[in-house]
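The values are calculated or read from the model by the stated rules, or taken from the named source; none is laboratory data. Computed from a predicted structure; not experimentally measured. Glycine gets a Cβ as well: all are built from the backbone with ideal geometry, and neighbour counts include every protein chain shown. The accessibility values were calculated without ligands, DNA or RNA, using every heavy atom of the protein model including side chains. Shrake-Rupley method; radii C 1.70, N 1.55, O 1.52, S 1.80 Å.
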Amino acid sequence: MTQTLDKPTDKRFTHSGMNWQQFRLIQEGFSNSPGIRLFYYRGEVEILAVSQDHELFSRTIAGLLFDYFVEKGIEFYPTGSFTQEKEGVASAQADESYCIERLKKTPDLSIEVIFTSGTLSKLKRYQELGVPEVWFWEDGLFTLHHLRVDGYERIYASEVLPDLDIDLLTRCLLMASRVEAVREFRRAISQG
């Protein structure tokens with residue numbers, strides 16, 4: 001059984017013309033505010049207050065990927081929504097992020113759950129930060145992007161996790177029961 005996706009109530013605010021110091025002050029002001037994500041890219045500040053649905057998908061993706069890494073014997077470091085920054089240029093907080101094989105300053109994979117617009121600007125931030133692969137979960141689908149010399153290229157299979165069946169991951173995320181989703185995902189990856 002699959003679930004119907006309603007548009008959750010993430011709240012998004014953007015403001016242009018901010019310098020890095022102004023952004024840092026805003027960041028400091030929200031430092032003890034759970035559920036608030038802050039982003040910066042070349043003068044534009046984005047403040048995102050995430051909804052319960054947003055967190056549900058983010059945490060389910062993380063749980064399924066945790067099972068995948070363990071089942072496939074892939075050493076990984078879940079770095080969650082830690083702040084990735086290039087001072088004065090870009091700052092981002094992915095919903096989930098991972099370093100593969102060893103812990104690094106820049107994660108190999110960042111994942112964002114999108115219920116508002118802004119996919120293109122998010123890719124520009126991640127390009128400045130040098131994140132090799134970025135996934136967006138939006139409207140019940142994943143879109144994957146891999147960093148090339150001239151920017152991100154849309155891809156249809158992960159290059160960071162080449163054996164991961166993205167269609168299986170998507171199907172399981174859309175299941176109404178989290179228990180059934182995990183069982184189905186585990187069964188499929190153990191047979192693959």
Does E128 fit the bill of being at pLDDT 95 or above, within 22 Å of T79 (Cβ to Cβ) and more than 11 Å from the chain's Cα centre (by Cα)?
-> yes
When you look at R186, is it in contact (Cβ under 8 Å) with a residue 60 or more places away in the chain and over 14 Å from the mean Cα position of the chain (by Cα), yes or no?
-> yes
List pairs: first in the stretch 9-27 and under 15 Å from R42 (Cα atoms) and at pLDDT 90 or above, second of a type in the set (D, E, K, R) and exposed (fewer than 15 other Cβ atoms within 10 Å of the Cβ), Cβ under 8 Å, 6+ apart or cross-chain?
-> W20/E87
Filter pass, Y77 being touching a strand residue (DSSP E or B) at 6+ places or on another chain (Cβ under 8 Å), over 20 Å from R12 (Cα atoms) and open to solvent by less than 50 Å² (accessible area, probe 1.4 Å) | no
Kindly indicate the residue of the stretch 42-70 that is β-branched (V, I, T) and over 20 Å from S158 (Cβ atoms) and also surrounded by the fewest Cβ atoms within 10 Å (Cβ to Cβ) among those meeting that condition.
-> I47
Applying the selection to the stretch 91-110, what residues are within 16 Å of R37 (Cβ to Cβ), among the polar types (S, T, N, Q) and at pLDDT 95 or above?
-> S97, S110
Criterion: of a type outside the set (G, A, S), open to solvent by less than 50 Å² (accessible area, probe 1.4 Å), within 23 Å of F76 (Cβ to Cβ) and touching a residue at least 24 places away in the same chain (Cβ under 8 Å) - qualifying residue of V160, V89 | V160
In this structure, does E133 turn out to be within 14 Å of the chain's Cα centre (by Cα), under 27 Å from L56 (Cβ atoms), at pLDDT 95 or above and among the acidic types (D, E)?
-> yes
